[in-house]
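Working notes, beginning with the structure itself.
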Amino acid sequence: MSVQPIISILEKIEKMQKSLLEHSYKKTELVKKNDMAELDQMLKIEQSHIAAIEMLEKQRQEVVSHYLRSKGRDISGIPTVGEVIEITENEEERKQLEELRKRLIQLVDELKNRNELNQKLIYSSLQFVNMSLEVLRPQPEQVNYSNKEVRGEQVLPKKSFFDSQA
């Protein structure tokens, strides 16, 4: 059995991850511009990409499991591309798999970093909004009464005998 179906699925996953990464860069700009309507659309697009990647990942797991079983390997847990690389006999296919795996790992790391940046930007924006609301919100008057004011006596300011201008 050939690893070409696995390579094909990994290339599709790579394509979707690249698209997701491009969208995350656009999302950064939208957050900076404070364009909420466009950001909402971007989130919907990202959700559809994530659903497609999840579907491709399930296909990858099935194809890798089938390949490993055909080579007499026991499968414990989620089958990995690393396991396929270990048992692939064709040197050219092994190099293709290693290169694809390396590119996917780099893409996922870059996407993770970009998403962390976007999360920090959104958090900063939220802090700014909350701070602005605090400034605009009227502060309640403090109502404190001293003992004399409660009894109805008028409190006159105390005069100092010290002249600070002298």
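None of the figures in this text is laboratory data; all of them are computed from the coordinates on show. Source: prediction; values computed, not measured. Counting neighbours? That spans all protein chains shown, and the Cβs are built from the backbone with ideal geometry, glycine included.
When the C-alpha to C-alpha distance is required to be over 31 Å, the pairs from K32/K95; K44/K120; K12/K71; K95/K120; K12/K44; K71/K102 that qualify are K32/K95; K95/K120. Highest average first, the peptides 5-16, 53-64, 26-37 ordered by how many other beta carbon atoms sit within 10 Å of their residues are 5-16, 53-64, 26-37.
Fully extending the segment from E11 to Y25 would add 2.9 nm, taking 0.36 nm per residue of separation and subtracting the current Cα-Cα distance.
About the centre of its Cα atoms, the range 4-136 shows a dipole size close to 140 debye [charges on the beta carbon of Lys, Arg (+1) and Asp, Glu (-1) only; nearest 20 debye]. A dipole drawn for the range 4-136 from +1 and -1 charges on Cβ atoms has a positive end, and of S8, S65, N113 the residue lying farthest that way is N113.
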